[in-house]
Amino acid sequence: MFRNIQHAGRAQKTDAWRAGAEKIRKLNSQPWVIFAREWLHAPRLTGAVCPSSCALAKAMADYVPDGTGLVVDLGAGTGAVVAALLKKGIPARRIVAVEQSAQLARYLRGRFPEIAVLRGDAAKLSRLLPKGSVDCVVSSLPLVSLPQAKREAVVRELKLVLQGRPLVQFSYLWGGAFLVHNGLMCISSTLVLKNLPPARVMKFV
């Protein structure tokens, strides 16, 4: 009988440990937790301390024009913009998520198995995509916080890939100034207050 009680006690502890481990696993798989870890690892490359809100992602997706070519989500993070693009009705076959972080790229592949997820550097974007295949780039890259040489390399690649097609970029500050100085023209912008912090979405050509 004593052995039975000991066995029951051990079983209860094992069940409690498993339940606790499952809670930790679920917590660690939450987008905001994954994003926060990436920010702690590389704050200048991540640029934000939390994922984009649904309102910000929708505002970016709303600027994407109709077409048949690829829509590239640059700096896709945990996929807020991808979800908004799919909700807008853009077919999964047209969406390409580009993410430099190995962990975030893995997360995106698990969350959106129907889209193409490329792990790569935005400063080498033209090497990742077929020439002339892109209709629009939707960028969440923190251009303001990137080193100048890196920013210049990214803009050169964007011009190569877009060839006059639109770029949708959001920024917490007036991040569009750098793009304007490099020959792009802002044709529309929207302030999104329902985001932490509030952000401005800009469309360039």
query = Based on the mean of other beta carbon atoms within 10 Å per residue, what is the order of 167-173, 87-93, most packed first?
reply = 167-173, 87-93
inquiry  = Can you compute the charge dipole magnitude of the stretch 78-205 about its Cα centre, using +1 on each Lys and Arg Cβ and -1 on each Asp and Glu Cβ, nothing else charged? Give it in debye, rounded to the nearest 20.
reply    = 220
inquiry  = If packing is taken as the average number of other Cβ atoms within 10 Å across a peptide's residues, how do 158-164, 195-201 rank, most packed first?
reply    = 195-201, 158-164
request  = Calculate, in nm to one decimal, what ARG109 and TYR172 gain on full extension: separation in residues at 0.36 nm each, minus their alpha carbon distance.
outcome  = 19.9 nm
key: Length gained when the stretch ASP66-CYS54 is fully extended (0.36 nm per residue, less Cα-Cα span)   = 2.2 nm
query = Of LYS124/LYS159; LYS124/LYS150; LYS159/LYS203; LYS58/LYS88; LYS87/LYS124, which sit over 20 Å apart, Cα to Cα?
reply = LYS87/LYS124
note = With +1 on the Cβ of every Lys and Arg and -1 on the Cβ of every Asp and Glu, the dipole magnitude of the stretch 101-167 about its Cα centre, in debye rounded to the nearest 20, is 140
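Here, each number is a calculation from the coordinates, and none is a lab measurement. These numbers were taken from a predicted model, which means no experiment stands behind them. Please note: Cβ atoms are built from the backbone with ideal geometry, for glycine as well, and neighbour counts cover all protein chains shown.
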